[in-house]
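The values are calculated or read from the model by the stated rules, or taken from the named source; none is laboratory data. Predicted, not measured: the structure shown is a model, and the values here were computed from it. Note that we place each Cβ from the backbone using ideal geometry, even for glycine, and neighbour counts take in every protein chain shown.
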């Protein structure tokens, strides 16, 4: 759904801030708020653990709650037991998206009409969702991305760019050069504008950028092995790879 996050601070911001900001918003949000989690599976083979859980996500503007299953592989430091890396997957995310988005459309349309938002095709549910999202992104950009952090000359320029210059994107495109990626990142702007403003701007910073599918698949970001039975013996992925496929002499 998104991409790679490096470092403790930025991971904390995304794991917690992403949902906290949405919970405080007074408009219909495409990123819901987690309210309950029930574990489904847990496997531990030190220093790696796998956990799968079902989380109930709440959409406050429409008062609806839907479940989503999340799978996470975590690697811990052997001595401190601090998390050193993790890989999280939102299972069936695209199906989840296709299920809840139509249920948000009427409320989103109501909000846009009340604000006299122009250029919306109210007969097109996708256009309604895009305008709801872009309105929120541009409001954040013009409120918090000022001075050295400025991304757009005006609200109208922001709106034009996000509705005409880049695609909003599909449910899985939260790590690409899309409006949806910028929508995800707008929730973190208030914490550190100097870091996050570029992510919702025209360049996309280092996050909302075009990516090559093959490169993403074949170049994982992990330096440590997440294969449990070999993790302690071969702490580096390169060491594990060499043990499985000996280099030619």
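Of these, 39, 32, 47, which one is surrounded by fewer than 12 Cβ atoms within 10 Å (Cβ to Cβ) and modelled with pLDDT of 85 or more?
39
Is it fair to say residue 163 is in contact (Cβ under 8 Å) with a residue 12 or more places away in the chain and either surrounded by fewer than 20 Cβ atoms within 10 Å (Cβ to Cβ) or part of a helix (DSSP H, G or I) (or both)? Full working, then the answer.
Details: in contact (Cβ under 8 Å) with a residue 12 or more places away in the chain: yes; either surrounded by fewer than 20 Cβ atoms within 10 Å (Cβ to Cβ) or part of a helix (DSSP H, G or I) (or both): yes.
So residue 163 passes the test.
Which of the residues belonging to the stretch 135-157 are part of a helix (DSSP H, G or I) and free of Cβ contacts under 8 Å to residues at least 24 places away in the same chain?
139, 142, 143, 147, 155, 156, 157
Quick one: count up the residues across the stretch 119-134 that are more than 23 Å from residue 55 (Cβ to Cβ) and either surrounded by fewer than 16 Cβ atoms within 10 Å (Cβ to Cβ) or touching a residue at least 40 places away in the same chain (Cβ under 8 Å) (or both).
Residues flagged as more than 23 Å from residue 55 (Cβ to Cβ) and either surrounded by fewer than 16 Cβ atoms within 10 Å (Cβ to Cβ) or touching a residue at least 40 places away in the same chain (Cβ under 8 Å) (or both) within the stretch 119-134 amount to 9.
Is it the case, given these coordinates, that residue 191 is farther than 11 Å from residue 140 by Cα, touching a helix residue (DSSP H, G or I) at 6+ places or on another chain (Cβ under 8 Å), modelled with pLDDT under 95 and surrounded by 19 or more Cβ atoms within 10 Å (Cβ to Cβ)?
Spelling it out, it is not the case that residue 191 is farther than 11 Å from residue 140 by Cα, touching a helix residue (DSSP H, G or I) at 6+ places or on another chain (Cβ under 8 Å), modelled with pLDDT under 95 and surrounded by 19 or more Cβ atoms within 10 Å (Cβ to Cβ).
Among the residues of the stretch 197-229, which ones are part of a loop (DSSP other than H, G, I, E, B) and over 30 Å from residue 159 (Cβ atoms)?
Matches in the stretch 197-229: 219, 220, 221, 222, 223, 225, 226, 227.
Considering only residues of the stretch 170-184 that are modelled with pLDDT of 95 or more and in contact with a helix residue (DSSP H, G or I) (Cβ under 6 Å, 6 or more places away or on another chain), which is surrounded by the fewest Cβ atoms within 10 Å (Cβ to Cβ)?
Per the criteria, the residue is 179.
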